[in-house]
1. Expressed as a whole percent, how much of the Cα-Cα distance distribution for segment 133-285 exceeds 27 Å?
2. Which helices, taking whole DSSP H runs in the chain, have alpha carbons extending 18 angstrom or more along the helix axis plus mean Kyte-Doolittle at least -0.5?
3. How much length is gained on full extension from Arg275 to Asp241, taking 0.36 nm per residue of separation minus their Cα-Cα distance?
4. Cα extents of the chain along the three principal axes, largest first, in whole Å?
5. Order 120-131, 51-62 from most to least packed using the mean count of other Cβ atoms within 10 Å.
6. Cys70 to Gln185: extension gain in nm, 0.36 nm per residue of separation minus the Cα-Cα distance?
7. Output the peptides 286-294, 300-308 sorted from most to least packed, where packing is the average of other Cβ atoms within 10 Å over each peptide's residues.
8. Could you work out how far the C-alpha centroid of segment 99-173 sits from that of segment 38-52, in angstrom?
Amino acid sequence: MSDTTGSPSASTPPPGCPAHADAVQLGGLEYQQTPSQLYRAMRREHGAVAPVLLDGGIPAWLVLGYPEVCYVTSHDELFARDSRRWNQWPNIPPDWPLLPFVGYQPSVLFTEGPEHQRRAGVITQALEGVDQFELARECELIAEHLISSFSGSGQAELMSMYAHALPARAVLWMCGVYDDADVDQLVDDLRISLDAGEGDDPVAAYMRVGERIMRLVKEKRERPGPDVTSRMLQHPAGLSDEEIVQDLISVIAAAQQPTANWICNTLRLLLTDERFAVNVSGGRVSVGDALNEVLWLDTPTQNFIGRWAVRDTQLGGRLIREGDCLVLGLAAANTDPQIWPDSHVGAENSAHLSFSNGEHRCPYPAPLLADVMARTAVETLLERLPDIVLGVEPWELTWRPSVWMRGLTSMPVRFTPSVQ
């Protein structure tokens, strides 16, 4: 847009622009330990839609309200997924750390309208071919194998040795990757590309993921099997190899790290909250309650970037300019006092936004498959190691310094060693 329409300029942002002086830096220690308190403070200060600054001082909006997130995700004609609309691209450096999230790619994540329906339909049908009982059996075998690798020592660090490894191996098994060395490398590169730590190169890691998945697609085109990749290749929509590579990366990334954090956040709840202490050992009802409560209170995907305004519009009393970026505050929306006025989240309610909402939400049956993985991981661990306890005090556990994912840096535990 030209300046005459009121689009933001670098030097004098107009009132309501996300680059306004009261914008909040989307990052910092508050996101590690007490993000819920930070979201409450932001809601008091700014309302349901807050001006924020991404890495490098790039302006955006954080949508904090439950009704507002539902509105944005239900109105693709106003808030679309194609990031090429962003009015900040002239200010984005080539090594910007969030490029793996927002740089346009020909994947299902950035498609719109009929094209999105076509691509999402392929993924849905490919995932529907996964037998949930067979997946549960495979997850149990993976869990048993992982637990056996540390059960004799009487101690373990569950994030790296169990919670991240299990869903990664399970989703790659669904896609037809069976080589252990490939699995380990893919797991590491996915972690780096989605939640880079100090010294990591997320762009290079994402490139390596793409190269390995391209080899997988070529292998399955020559030798198809009973897996998600082969079903996508055989779908009558006739997706190209490049389209399938991009969409497989989306499927694998969406399944691996969020499910890993769901597993570990649930184990943390079960091992630290006295409400679960009596029945946790083998108590399947308690595990189910804990899994759902975590999706409300410690959802693995805190914030998701994003949506881009198709035209000037209003949201939560804010003027959103054409091309503005909106970050979906899923964690903030799940604890919105408008839906929980007494600050009591009902764990039996499943209307959380942890799998997002609208046409771009996690495609059915992905949430069901994630539940199979998470539930099997938690139940198998508790059954095999019934006296498991934290290896540190609960207050010593620390969260990863990420505004996007909610997960622990580590989870040391102790238990009675088993005889191998």
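The values are calculated or read from the model by the stated rules, or taken from the named source; none is laboratory data. Here the structure is a predicted model, which is why all the values come from computation and not from measurement. Quick reminder, even Gly has a Cβ in these numbers, built from the backbone with ideal geometry, and neighbours come from all protein chains shown. Note: accessible area is taken over every heavy atom of the protein model, side chains too, but ligands, DNA and RNA are not part of it. Shrake-Rupley method; radii C 1.70, N 1.55, O 1.52, S 1.80 Å.
1. 31
2. Span-like helices, by this rule, are 132-148, 180-194, 241-272, 284-297, 366-384.
3. Between Arg275 and Asp241, full extension yields an extra 7.3 nm.
4. The Cα atoms of the chain stretch 75, 54, 39 Å along their principal axes.
5. Highest-to-lowest ranking by the protection proxy: 51-62, 120-131.
6. Going from the current span to full extension adds 37.7 nm.
7. Taking the mean over residues of other Cβ atoms within 10 Å, the ranking is 300-308, 286-294.
8. 33
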